Amino acid sequence: MPLTLIIRSAGEDVRKHHEALAQRVVASLGLQSPARRLLVLLDDEDWQAFKAENGIANRGFYARIRPGHPHWRIAPRYILDSVFVGGAPAYDDFVYLHGTTCADDIALTMTLAHELQHFIQHADKTPLWAANGLVPNLDKTAIAALGLRWCDIPHEREARIVSKRIAEDLFGPDAVRQHVDARIASPVTEQDGIDWKCIRELAVSTPYDLAHETKLFFPRLKDYSGQLQAALAHFQASDPDFADVNLPALLDSSAG
C-alpha cells in the first residue's frame, strides 16, 4: 500500500510546496510503496499537548498505531479522524510533523527524513529499534554518569545522519550548515543546543551500520542493566515489538 500523505494548510500553494518537498524526501529514502500502511501528517499548527508531554523542543515523531497508546488520549480530533476509522486503526504507522517544523524547508526535510528513518528501522530491524528505545528510560543519574547525549544512541545517530545527508543533497551543505548553526545559536532548550552541536559534527559520507554500532554501544551500559531490564519487562508486558530483544547478549562486552 502506498504511503498516505496528509498536508494541512490554509493555502493551496503552500500545500503543494510541502507535498512536493515531502515526496522528494520519501523518494530519497526509497519509500515509494512501503509494505505497511504508513500515514504521514504535516500539520499547520503544533500539537501542544504532545510538546507538553515530550518537550518543547520536539519537532515531530514516529509512532506505531495502537489503540490505547497515550498519544491518542491527548491527540486533537482532526488527527484522530485521520488515524482511526470507526474506532479501528486505518494505518499501521504514523509520522507527524508540527506546524512550526513545516514552516521551514530544511527543518521539514530533516525532521521528516529523521522520523521516516525510524519507521524504516522498525520495519526492517525491529529488535534493534526496540533495544535502542530502552536507553532513554535510564534515570538522569545514569545518563549523567555515562555522559550520554541523545544523539549517542545508535538508532538516533543513524536517523540524524540520514536526515542531514538528505538535506545536504536537496539544499547543499552550506545551507544545511547555516541552518544547524542558527539552531545552535538559538536553541529551544540546553539539550536542544547540545543535540544540534552533535548534528554539526556528524559525517554523512561514512556508512553507518546500526547493528554493529548497537553491539559496540550497549556494553557501556552494563552497570545499569537493572534499569534496562526493568524497562524491557515493562514494554514486553504490552508491546510485541520488544519480544525479541536479547538484552544480556547486547550488554555482554565480549559481543562488542
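Only the coordinates and a few stated rules stand behind these numbers; no lab work does. Note that this is a predicted model, so its numbers are computed, not measured. Note: ideal-geometry Cβ built from the backbone for every residue, glycine included; neighbour counts use all protein chains shown.
Most simply put, the chain has about 45% antiparallel DSSP beta bridges, counting only bridges with both residues inside it. Counting charges near residue 58 (Lys, Arg +1; Asp, Glu -1) among other residues having Cβ under 13 Å from its Cβ returns a value of -4. If one computes P(r) from the Cα atoms of the range 145-256, what percent of pairs lie at distances over 16 Å? Cα-Cα pairs of the range 145-256 separated by over 16 Å account for 68 percent. Counting only Cα atoms, the size of the range 1-124 along its three principal axes is 33, 31, 26 Å, in decreasing order. Straight-distance candidates among the lysines for linking to residue 222, with alpha-carbon spacing under 28 Å and chain neighbours fewer than 8 residues away dropped: 125, 140, 197. Unpaired cysteine residues in the chain (no second Cys Cβ under 4.7 Å): 102. In plain terms, if you count all Cα to Cα distances in the chain and split them into 10 Å steps from zero, the share in each step is 7, 29, 37, 22, 4, 0 percent. Remark: the range 111-121, residue by residue, has Karplus-estimated 3J(HN,Hα) of 5, 5, 4, 4, 6, 5, 5, 5, 4, 5, 4 Hz, where x stands for each Gly or Pro and the curve is 6.51 cos²θ - 1.76 cosθ + 1.60 at θ = phi - 60°.
Count the net charge of all other residues whose Cβ sits under 14 Å from the Cβ of residue 127, scoring Lys and Arg as +1 and Asp and Glu as -1. Spell out each step's value before the answer.
Working: positive: 125, 215; negative: 124, 239, 241, 244.
Here the count lands on -2.
The magnitude of the dipole of the chain, with charges of +1 and -1 set on the Cβ of Lys/Arg and Asp/Glu and taken from the Cα centre, is near 240 debye. Each of residue 201 and residue 49 was given a label point 7 Å from its Cα along the Cα-to-Cβ line. The distance between the two points is 3.8 nm.
Taking a ≥ b ≥ c as the square roots of the eigenvalues of the alpha-carbon gyration tensor, the range 86-197 is classed oblate because a/c is 1.5 or more while a/b is no larger than b/c. For the pair the range 181-211 / the range 103-132, the C-alpha centres are spaced 15 Å from each other.
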